[in-house]
1. Failed condition for SER111, given (1) modelled with pLDDT of 85 or more; (2) small (Gly, Ala, Ser); (3) open to solvent by less than 50 Å² (accessible area, probe 1.4 Å), with all others met?
2. Filter segment 85-107 down to residues that are at pLDDT 85 or above and either among the charged types (D, E, K, R) or within 16 Å of ILE136 (Cβ to Cβ) (or both), then give me how many there are.
Amino acid sequence: MLIKTVLPTSHQKQSGVVLIIALIVLVAMTLAGIALMRSVDTNNLIAGNLAFQQAATRSGDAGVEAAIAFLAGASSATLEADSAANGYAANGSAAAHSPAAGQSWDAYWTSTLAARKFDLSNGAADDAGNKVSYVIDRMCNNAGGKTSGAACIASPVATAATGNNENQEIQLNAPSVVYYRITVRIVGPRNTVSYVQAMA
């Protein structure tokens, strides 16, 4: 009886190694694809959040305009007293400072300003889904007229040089102007919160 022995060739020896290498490459490509998908999803989420924040900031213009309309339509006597129903404080420096060190604007709004805020559209959201509220602070230490010790922040007295000598100055008496600080809070979709301030 004749027994024939067949020895494996070098090609047959390498076929198992190629399969293992192919599997490793396939796993690496799968991981790279998953990482790319997650990166794209994160970028889309960030872009969406920025778009919502910009839309909320644009809605703040409506709050500023509404506050200016209230100031323009109110009489001098009305502006000398607090009006919580209109989001107005005649003693602005006492009623509304800036947030304390380490305090967020949201915490400051909740603790100090929310009690006298004015909601546009009775608190309903606008077309962009934003809810707009504002408060107005007259930049005076006390309520009352300017002559009653309210210590309002007025326009500064300007000076101008005359002649060729810079040391000679004259005062230009400007009329006293009271400033009002308008703070607008906008709450939008995805818990977007923006704040806008303006001086009038």
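1. That leaves (3) as the condition not met.
2. Residues that pass the stated criteria total 6.
The values are calculated or read from the model by the stated rules, or taken from the named source; none is laboratory data. None of these values were measured; they are calculated from a predicted model. A quick note on method: Cβ atoms are made from the backbone with ideal geometry, for glycine too, and the neighbour counts reach across all protein chains shown. These area figures cover heavy atoms from the full protein model, side chains too; ligands, DNA and RNA do not enter into them. Shrake-Rupley method; radii C 1.70, N 1.55, O 1.52, S 1.80 Å.
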